[in-house]
Structure formats: structure tokens, C-alpha cells
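Notes for the one structure printed next.
The values are calculated or read from the model by the stated rules, or taken from the named source; none is laboratory data. What you see is a predicted model; the values in this text were computed from it and never measured. So basically every Cβ, Gly included, is an ideal-geometry build from the backbone, and we count neighbours across all protein chains shown.
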Amino acid sequence: MFETRRGSGPAEMQSVFVKICGITNIEDAAWAIEVGADALGFNFWPRSPRYIRPEAAAGIIERLKAAAARAGRLPLLAGVFVDAPATEITGTVDSTGLDLAQIHGELPSGMILQSRDRKGADASACRPNVDTNVDAADMNVRATNGAATAGSGGVLQSRGCGAADAPMGPMFEGQSALSTRDRVDCPQPLPFWHALSAGPDLETRVRAAFAAGAQAVLVDTPSGAQRGGTGRVFDWSLVRGLPGRIVLAGGLSPENVAQAIRAARPWGVDACSRLESAPGRKDPAKVRAFVRAVREMEIQNG
């Protein structure tokens with residue numbers, strides 16, 4: 001799973017990173033992992049119907065890591081934050097055991113920028129037992145201006161360990177790297193994704209996010225004060241051709257995800273509300289069908 005299908009350029013087919021968001025309980029988390037999700041999202045915005053307390057998320061993550069120690073598979077673990085201050089983001093990530101922050105709204109100025117100097121763990125690219133494939137995204141990134149290329153990547157906050165302790169490839173070069181959970185003896189800088197709404201000047205905003213050090217940019221349906229989770233889609237063609245690792249979100253379901261991937265050619269997809277039986281409770285059949293639809297689409301287009 002997750003092997004690049006090489007072709008002639010950025011539009012080539014590649015395996016798609018699958019994130020299941022809005023996890024609120026261990027049963028949904030374990031099931032998403034079992035059916036092949038690459039990442040899980042925990043929502044720490046108090047106004048969300050999928051809000052989870054950091055203490056509850058920490059309990060789930062502790063159990064997932066204990067199970068992974070036996071079974072050997074743990075997906076990327078992301079925390080969703082909306083207009084949160086820097087101290088809240090870093091404190092929650094550290095206390096729960098998350099791998100990265102997915103930030104909606106403005107990036108907290110107190111957390112950016114510290115240069116990675118082309119080194120450091122890239123949590124988006126290093127899930128255990130899963131190879132990264134960002135060849136198509138890499139080509140797009142290298143085509144951007146110098147401010148948005150791999151060499152200028154930043155991090156949200158230095159957490160005390162020089163990345164030079166372990167030689168690692170630069171962001172977006174598809175090289176293997178160790179995640180924070182793989183180097184418990186040497187904490188790494190905090191990685192982050194930036195979430196943006198589809199709309200005017202999207203490419204400019206995407207380039208700015210990568211210039212600020214984002215490892216991926218999630219593009220969602222504009223939702224105003226609701227901030228996601230609306231179950232509504234947008235024009236997927238707006239995403240096609242954007243530089244870097246783009247995660248497509250907004251109303252994705254087992255029925256439309258293959259069509260969305262063909263239209264947008266994203267690096268990854270993120271699903272939440274359309275996979276639920278009730279807000280905050282996943283429907284196991286829908287979660288399995290969603291992941292299966294992505295993988296079957298890859299086979300058909302391989």
C-alpha cells in the first residue's frame with residue numbers, strides 16, 4: 001500500500017493519504033486503523049460537535065500506542081485547532097502524544113518561524129511501515145518560488161533537540177524520516193498542517209502556508225463560523241495543480257471520493273461528517289467503504 005505510481009509528471013497517479021477526522025472514542029479510532037486509515041484527527045475546538053477534551057484524547061492515544069507496540073502499526077495523529085493560542089497548541093500536542101497540529105485560522109505568531117535548515121522530522125511522511133510517496137507533490141513544490149520550496153521550511157516551535165542528531169532528508173523529497181514518537185529520546189520540532197478554505201487567491205494562500213513551514217495544506221469547503229464539518233463539497237477543480245502536499249476535505253464520502261481524487265489529484269483526502277452515524281460517532285461501514293473506495297480507485301488508475 002502507498003506506493004508511488006511513476007509517470008511523466010505532476011498529474012501522475014499516486015497513492016492517496018487517507019485521514020479520518022473527528023475521532024472521539026477508542027472504538028472509532030481502532031476501526032479506522034484496522035481498515036487502513038493513514039491518519040486520525042482529534043478536534044480540540046470547543047464549539048465543534050466533535051470536540052474532545054485533551055485528557056480524553058490522551059487516553060485514546062495511549063491505548064493506540066500500546067496496541068501498536070504489539071501490532072506494529074500506528075497512523076499519524078493530528079490535533080485540530082481553531083484560532084488557538086500557541087501555548088494551547090503546543091501544550092495539547094505535548095500532553096496528548098499527537099504527532100502534529102492542524103491549524104485553522106491564522107498561524108499563531110508566537111510559534112513561527114524557526115528554520116528547520118532542511119533537517120528535522122517530517123511527521124507527515126513517516127508513519128511506521130508505510131512508505132511516503134510525494135513525487136507528484138515534490139515536482140509541484142520545486143516549481144514554486146524560492147520562498148515556498150523545501151529549503152525554506154519552518155516549524156511551529158523548537159522542542160529542544162537539534163535535528164542534526166539524526167541525518168534526515170529535506171521536506172517534500174520523499175525520503176524516510178523518523179517521527180517524534182520514534183525518537184522519544186530526542187524530541188523534534190512540532191510539525192503542522194495549515195487548513196484553508198477554498199476560494200479567492202487560494203494558490204497565493206497555499207504558497208504562503210508552505211513558505212511558513214506547513215508540511216501539508218488542507219483545503220476545505222468555506223463554512224464561516226462553523227469551521228468545517230458541514231458535509232458540503234466545493235469545486236474540486238480549484239485544487240488541481242496547486243503546489244505541495246494538498247489534502248482535500250469537505251463533504252467527502254464513500255460515494256464521491258474517487259470522483260474527487262480524479263478531479264483534484266490531491267496528495268491526501270480527509271473525511272469526517274459524511275462517515276458518521278451521529279455527530280462524533282463514526283459509522284463503521286462508511287469508514288471501511290471510504291478507505292476501500294480510495295484504494296480501489298488507485299488500482300483502477302494504476
Exercise. If you check P254 against the conditions, is it surrounded by fewer than 22 Cβ atoms within 10 Å (Cβ to Cβ), out of contact with any Asp or Glu (no Cβ under 8 Å at 6 or more places or on another chain), modelled with pLDDT of 95 or more and not in a helix (DSSP H, G or I)?
Worked result: yes
Exercise. Hey, any hits in region 105-121 for a residue that's modelled with pLDDT under 90 and β-branched (V, I, T)?
Worked result: yes
Exercise. Looking at (1) over 15 Å from F290 (Cα atoms); (2) at pLDDT below 95; (3) crowded, with 17+ Cβ neighbours inside 10 Å, can you tell me which one E12 breaks?
Worked result: (3)
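Tell me the residue from A285, A289 that is part of a helix (DSSP H, G or I) and free of Cβ contacts under 8 Å to residues at least 12 places away in the same chain, please. Walk me through it before giving the result.
On the way: A289 fails: free of Cβ contacts under 8 Å to residues at least 12 places away in the same chain.
After ruling out the rest, the residue left standing is A285.
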Exercise. Can you spot a residue in region 266-281 that is free of Cβ contacts under 8 Å to residues at least 12 places away in the same chain, over 16 Å from A39 (Cα atoms), in a helix (DSSP H, G or I) and out of contact with any Lys or Arg (no Cβ under 9 Å at 6 or more places or on another chain)?
Worked result: no
Exercise. What's the number of the condition G250 fails, among (1) under 17 Å from the mean Cα position of the chain (by Cα); (2) at negative phi?
Worked result: (2)
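Considering each residue of region 24-50, count those that are out of contact with any Leu (no Cβ under 8 Å at 6 or more places or on another chain) and closer than 17 Å to G97 by Cα, and give that number. Write out each step before concluding.
Initial filter on region 24-50 (out of contact with any Leu (no Cβ under 8 Å at 6 or more places or on another chain)): 24-25, 27-28, 31, 34-37, 41, 43-50.
Of the ones still in play, those that are also closer than 17 Å to G97 by Cα are 24-25, 41, 43-44.
Number satisfying all stated conditions: 5.
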